[in-house]
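Right, one structure below, let's go through it.
The values are calculated or read from the model by the stated rules, or taken from the named source; none is laboratory data. Worth saying up front: this structure is predicted, and the values here are computed from it rather than measured. Neighbour counts run over all protein chains shown; Cβ positions are idealised from the backbone, glycine included. The area values use the complete protein model at the heavy-atom level, side chains included, leaving out ligands, DNA and RNA. Shrake-Rupley method; radii C 1.70, N 1.55, O 1.52, S 1.80 Å.
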Amino acid sequence: MKLAYSIPCIILMATIVSFLGFAVENVWLAFTKGYIDNRNMALPFLLGYGLAIVTLFILLGTPRCSTFFDRLPFLDTSFKRISFYFLCAFFFVCVAEILLGTLIEKTCHIVLWNYSRFTLHITKYTSIPTSSGFAFIITFFMDKCFTPIMDAISQIDYETSKDISIVFLALMVCDFCVNSFKMFKNKSLNPIWRIDLRRHQDNEK
């Protein structure tokens, strides 16, 4: 698919989504385990989420604007396009989680997450309920949020957006490489900070 936005704009979108991924994982932790933490990184960005969204955009576009979908005559309504996008996102999440989880386990000897407790899990690294949840969030974001955010980012002066994108990309890549190497070297997670929300709630009572 031909990119409709400049490279700096794409990088800034990846930065925003990387932060949102960090936030989503901590919201999940807060509700399921009662704490939030640094998610093995020093900065509040999870680069994998940003790369995933950019990859989906390049491959599929958005549900409403996709040259790939335009070639499929059976996707002739918005509902069909959104439903098919959801299925593509679901498959993408399943494959990405299995590959990433397996790679980390083989190289760092760490089980970064485990969905075995969920019904309908597909290996310990993905499951139908969790992948459906991620696919719903991705589809909603790509349908309702991606284009407005990109249009807003595109209003930034090109030279300014280029400079900002270079800084954020360098920070995220450096943070990812340094902390991934620490995990590989130490064969353990990389905890830097953790806030136990349940303890705080108990203290307030």
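What to note about this one:
- Among the residues of segment 154-195, those that are assigned to a loop (DSSP other than H, G, I, E, B) and under 18 Å from ALA23 (Cα atoms) comprise ASN190, PRO191, ILE192, TRP193.
- Considering ASP143, ASP151, the condition of being over 20 Å from the mean Cα position of the chain (by Cα) and part of a helix (DSSP H, G or I) is satisfied by ASP151 alone.
- Yes/no for PHE146 being more than 17 Å from ALA14 (Cβ to Cβ) and out of contact with any Gly (no Cβ under 9 Å at 6 or more places or on another chain): no
- Selection within segment 37-79 - assigned to a loop (DSSP other than H, G, I, E, B) and either more than 21 Å from the chain's Cα centre (by Cα) or among the β-branched types (Val, Ile, Thr) (or both): ARG71, LEU72, PRO73, PHE74, LEU75, ASP76, THR77
- Matching entry among ILE137, ILE110, ILE104, ILE122 (being of a type in the set (Val, Ile, Thr), open to solvent by 50 Å² or more (accessible area, probe 1.4 Å) and modelled with pLDDT under 95): ILE122
- Test: residue in segment 25-35 that is open to solvent by 40 Å² or more (accessible area, probe 1.4 Å), touching a helix residue (DSSP H, G or I) at 6+ places or on another chain (Cβ under 8 Å) and either under 30 Å from ALA170 (Cβ atoms) or not β-branched (Val, Ile, Thr) (or both): no
- Just one of (1) open to solvent by less than 30 Å² (accessible area, probe 1.4 Å); (2) outside any helix (DSSP H, G or I) fails for ARG117. It is (1).
- Within segment 9-25, residues that are of a type in the set (Phe, Trp, Tyr) reach no partner that is surrounded by fewer than 21 Cβ atoms within 10 Å (Cβ to Cβ) and assigned to a helix (DSSP H, G or I) with beta carbons closer than 8 Å at six or more positions or on different chains.
- Of all the residues in segment 45-81, those that are surrounded by 12 or more Cβ atoms within 10 Å (Cβ to Cβ) and closer than 26 Å to ILE7 by Cα number 24.
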